[in-house]
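Here's the structure, in structure tokens; my notes come after.
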Amino acid sequence: MTTPAATSASPGDPGDVVRLVAVRDTALSVDEVLAALDHPAAGGVDLFIGRVRDHDGGQEVGALEYSAHPSALDALHEVCAEVAAEFPIEALAVVHRTGALEVGDLAVVLGTAAAHRGIAFDATRALIDRLKARVPIWKHQRYADGSDSWVGTPDPPSGTARVPRGGRVAAYAPHVEILLWLVPPAVVTVVAMVWVAWLGRERATPDRHEQVRRIGSALEQPPRAGYAVPPTRRDRSTGVAVRRPGAD
């Protein structure tokens, strides 16, 4: 996975809202971003700093590495232009780190400047949220127990496998994860149904054998007197054919 390293328009031009856009593999500077956001009409400057924390999902994080797709810088430019057009801000700047980072290192520094703080708050929130959702920069986390996981990518880089926390395969598409959650209950249900059917069969078998035995015994017995002789008349009240005694 290549790491694009580039910087957009240089800071200091008040007529250019998007002052600084960069993806680089060197340490980030908060002062650099603040300087890029300087504008005489800005009454509020909102800065967001993303750092490497020492935990994630209950696991202790030892280190991580950011990898950027070659199109990451272009995508970041698109997000910045979109936010600059949507919010009435005076300046915007963003720098994202790639490469190996330790706990406490800066991963992203970005911010906006506007006439009022509310506008700057909203614009900065939109900028970081859209960056996370749309810019192809992926995080490979390594945990203290030796496991690791990829975050933010549908597929790991070529030649590597996604090994999430606990050593289980994860990060599937949402519909695939739903199916995986449904598989164990479905298997248990099928097994239970088969077991109940087998148990019912075992209990019903003696009853069927008894019925067959009784039918066979009845067939072996001689017919009772008058039972097998065809009737000679019908009862007028019921219409049932009966045999008169002594008819034969």
If the requirement is being within 16 Å of VAL135 (Cα to Cα), at pLDDT below 95 and part of a loop (DSSP other than H, G, I, E, B), which of these qualifies: PRO11, PRO4? PRO4
Return yes when LEU110 is more than 26 Å from the chain's Cα centre (by Cα), closer than 30 Å to VAL17 by Cα and buried (at least 20 other Cβ atoms within 10 Å of the Cβ) and no when it is not. yes
Does ARG142 satisfy the condition of being in contact with an Asp or Glu (Cβ under 8 Å, 6 or more places away or on another chain) and either at pLDDT below 95 or outside any helix (DSSP H, G or I) (or both)? yes
What pairs can you find where one residue is in the stretch 62-79 and over 13 Å from ASP25 (Cα atoms), the other is part of a helix (DSSP H, G or I) and among the basic types (Lys, Arg), and their Cβ atoms are less than 7 Å apart, with a gap of 6+ or different chains? ALA75/ARG134; VAL79/ARG130; VAL79/ARG134
Can you find even one residue in the stretch 134-148 that is assigned by TED's automatic domain parsing to the domain that holds VAL33, without any contact (Cβ under 8 Å) to a residue 24 or more places away in the chain, surrounded by 22 or more Cβ atoms within 10 Å (Cβ to Cβ) and over 23 Å from PRO40 (Cβ atoms)? yes
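Here's the yes/no breakdown for (1) assigned to a loop (DSSP other than H, G, I, E, B); (2) over 27 Å from the mean Cα position of the chain (by Cα):
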| position | (1), (2) |
| --- | --- |
| GLU32 | no, yes |
| ALA35 | no, yes |
| LEU47 | no, yes |
| GLY50 | no, no |
| GLU65 | no, no |
| VAL79 | no, no |
| HIS96 | no, no |
| GLY104 | yes, yes |
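The values are calculated or read from the model by the stated rules, or taken from the named source; none is laboratory data. What you see is a predicted model, and the numbers here were worked out from it, not measured in a lab. Note that each Cβ is placed from the backbone with ideal geometry, even for glycine, and that neighbours are counted across all protein chains shown.
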